[in-house]
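Scroll down for the structure; my scribbles are underneath it.
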Amino acid sequence: MANDSSAKREWSINDFEIGYRLGKGKFGRVYLAREAKSKYIVALKVIFKEQIEKYQMQHQLKREMTIQTSLRHPYVLRLYGWFHDAERIFLILEYAHGGELYKVLRKSGRFSEPQAATYIASLTHALAYCHEKNVIHRDIKPENLLLDHEGRLKIADFGWSVQSKSKRHTMCGTLDYLAPEMVENKAHDYAVDTWTLGVLCYEFLYGAPPFEADSQADTLKRIAKVDLSFPSTPYVSAEAKALITQLLVKDSAKRLQLEQILKHPWIVLNADPDGTFPK
Ligand code: AMP
């Protein structure tokens with residue numbers, strides 16, 4: 001399963017022993033499964049064709065599958081292959097035993113600086129790899145991040161990502177994580193992912209995203225103004241705030257570059273080089 005040659009073979013549901021349900025998404029369900037011959041554990045995502053057709057998501061799903069299959073990185077969830085029957089499409093995914101990062105964050109309220117820095121460094125490595133392959137994720141948020149059995153972060157869900165060398169014009173993504181250039185419907189590029197790293201870093205450390213407001217319209221206004229303030233808490237260091245401030249910059253050209261994030265003193269001091277948390 002894990003090697004490249006097996007990705008080329010034709011799979012069917014008979015090749016898998018299906019276990020319990022891991023979760024339910026907008027377009028289908030995800031089950032723990034085991035490839036019958038090798039006993040290799042995977043997550044099997046089952047998507048109903050009817051749903052995909054109803055929402056006219058055929059192109060997006062195809063794009064998601066093509067992009068995710070081509071990516072090989074320790075912090076990007078592997079898509080080993082897929083198959084379909086008359087009603088369903090099955091995605092054979094790497095199993096992330098730690099589940100959603102979002103749930104871990106909600107449960108603990110906020111993360112310590114070493115934990116937050118480890119996730120931000122892992123994300124930065126993964127995004128640098130994606131950008132090198134001309135993939136802009138555009139929908140990085142805690143719900144799209146999973147954790148493996150060692151607490152290593154895995155970017156999942158490439159539904160909104162796009163493979164492009166030029167600037168894009170489509171409005172997409174989730175409000176709290178949107179970059180100002182997307183809010184203002186301007187052309188955007190790789191720097192939208194860098195902005196999102198700033199939003200996530202804030203949310204990891206404070207437990208809520210920085211531009212939260214009572215209405216969506218107010219969130220958009222706060223993003224466009226970069227209405228950023230830091231609650232007075234003793235938990236967050238000046239270095240962490242400095243990094244967030246250098247990422248949440250309106251002019252996308254002036255945001256810290258991914259390689260500069262990895263050299264930032266707060267990351268160097270706090271991030272686990274293996275990306276695992278806790279040890
Ligand atoms: P999704 O349809 O991708 O939103 O997935 C629905 C839920 O299934 C997620 O919220 C996760 O809790 C779980 N899930 C999805 N993919 C995996 C995976 N590869 N490993 C473990 N759990 C997963």
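Hey, any hits in region 82-91 for a residue that's modelled with pLDDT under 90 and either on the phi > 0 side of the Ramachandran plot or under 20 Å from the mean Cα position of the chain (by Cα) (or both)?
Scanning region 82-91, I find no residue that is modelled with pLDDT under 90 and either on the phi > 0 side of the Ramachandran plot or under 20 Å from the mean Cα position of the chain (by Cα) (or both), so the answer is no.
Starting from region 10-34, take each residue that is without any contact (Cβ under 8 Å) to a residue 24 or more places away in the chain and list its partners that are more than 13 Å from the ligand (Cβ to nearest atom) and part of a loop (DSSP other than H, G, I, E, B), counting only C-beta distances under 8 angstrom and pairs at least six apart or across chains.
Asn14/Ala36; Asp15/Ala36; Asp15/Lys37; Glu17/Ala36; Arg34/Tyr40
Determine which member of the set Phe27, Phe16 is of a type outside the set (S, T, N, Q), within 15 Å of the ligand (Cβ to nearest atom) and modelled with pLDDT under 95.
When all the criteria are applied, what remains is Phe27.
Quick one: which of Glu87, Glu64 is within 14 Å of the ligand (Cβ to nearest atom), outside the structural domain of Glu239 (by TED's automatic domain parsing) and more than 21 Å from Lys39 (Cβ to Cβ)?
Glu64
Have a look at Val76, Val104 and point out the one that is of a type in the set (Val, Ile, Thr), surrounded by 15 or more Cβ atoms within 10 Å (Cβ to Cβ) and free of Cβ contacts under 8 Å to residues at least 60 places away in the same chain.
Result: Val104 is the single residue among Val76, Val104 that is of a type in the set (Val, Ile, Thr), surrounded by 15 or more Cβ atoms within 10 Å (Cβ to Cβ) and free of Cβ contacts under 8 Å to residues at least 60 places away in the same chain.
Answer yes or no as to whether Lys45 is of a type in the set (Lys, Arg) and within 27 Å of Pro142 (Cα to Cα).
yes
For region 131-147, does any single residue satisfy the condition of being farther than 18 Å from Ile261 by Cβ, free of Cβ contacts under 8 Å to residues at least 24 places away in the same chain and within 14 Å of the ligand (Cβ to nearest atom)?
There is at least one residue in region 131-147 that is farther than 18 Å from Ile261 by Cβ, free of Cβ contacts under 8 Å to residues at least 24 places away in the same chain and within 14 Å of the ligand (Cβ to nearest atom).
Residue by residue through region 8-34, note down the ones that are in contact with a strand residue (DSSP E or B) (Cβ under 7 Å, 6 or more places away or on another chain), of a type outside the set (A, V, I, L, M) and within 26 Å of Leu101 (Cα to Cα).
Scanning region 8-34 gives Gly19, Tyr20, Arg21, Gly23, Phe27, Gly28, Arg29, Tyr31, Arg34.
Could you say which residue among Gly81, Gly23, Gly109, Gly28 is in the same structural domain as His125 (by TED's automatic domain parsing) and either of a type in the set (S, T, N, Q) or out of contact with any Ser or Thr (no Cβ under 7 Å at 6 or more places or on another chain) (or both)?
Exactly one of Gly81, Gly23, Gly109, Gly28 is in the same structural domain as His125 (by TED's automatic domain parsing) and either of a type in the set (S, T, N, Q) or out of contact with any Ser or Thr (no Cβ under 7 Å at 6 or more places or on another chain) (or both), namely Gly109.
Matching residues to (1) hydrophobic (A, V, I, L, M, F, W, C); (2) at positive phi; (3) modelled with pLDDT of 90 or more; (4) buried (at least 17 other Cβ atoms within 10 Å of the Cβ):
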{"residue": "Asn3", "(1), (2), (3), (4)": "no, no, no, no"}
{"residue": "Ser12", "(1), (2), (3), (4)": "no, no, yes, no"}
{"residue": "Arg21", "(1), (2), (3), (4)": "no, no, yes, no"}
{"residue": "Ile41", "(1), (2), (3), (4)": "yes, no, yes, no"}
{"residue": "Gln56", "(1), (2), (3), (4)": "no, yes, no, no"}
{"residue": "Leu61", "(1), (2), (3), (4)": "yes, no, no, yes"}
{"residue": "Ser70", "(1), (2), (3), (4)": "no, no, yes, no"}
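I'm checking my understanding of the structure. Among residues of region 59-73 that are under 15 Å from the mean Cα position of the chain (by Cα) and in contact (Cβ under 8 Å) with a residue 40 or more places away in the chain, which one is farthest from Cys130 (Cα to Cα)?
In this case the residue turns out to be Glu64.
Could you list all residues from region 223-273 that are among the charged types (D, E, K, R) and either touching a residue at least 12 places away in the same chain (Cβ under 8 Å) or within 16 Å of Thr124 (Cβ to Cβ) (or both)?
The answer is Asp227, Glu239, Lys250, Arg255, Glu259, Lys263, Asp272.
Could you list, in sequence order, all residues of region 177-219 that are acidic (Asp, Glu), farther than 17 Å from Leu145 by Cβ and touching a helix residue (DSSP H, G or I) at 6+ places or on another chain (Cβ under 9 Å)?
If the condition is that a residue be acidic (Asp, Glu), farther than 17 Å from Leu145 by Cβ and touching a helix residue (DSSP H, G or I) at 6+ places or on another chain (Cβ under 9 Å), then Glu181, Glu184, Asp189, Glu212 are the ones that fit.
Of all residues in region 201-251, which are part of a loop (DSSP other than H, G, I, E, B) and of a type in the set (Ser, Thr, Tyr)?
If the condition is that a residue be part of a loop (DSSP other than H, G, I, E, B) and of a type in the set (Ser, Thr, Tyr), then Ser215, Ser229, Ser232, Thr233, Tyr235, Ser237 are the ones that fit.
Can you spot a residue in region 145-157 that is in the same structural domain as Gly25 (by TED's automatic domain parsing) and of a type in the set (Gly, Ala, Ser)?
For region 145-157, residues in the same structural domain as Gly25 (by TED's automatic domain parsing) and of a type in the set (Gly, Ala, Ser): absent.
The values are calculated or read from the model by the stated rules, or taken from the named source; none is laboratory data. As the structure is a computational prediction, the values presented were derived from the model and not from experiment. A quick note on method: Cβ atoms are made from the backbone with ideal geometry, for glycine too, and the neighbour counts reach across all protein chains shown.
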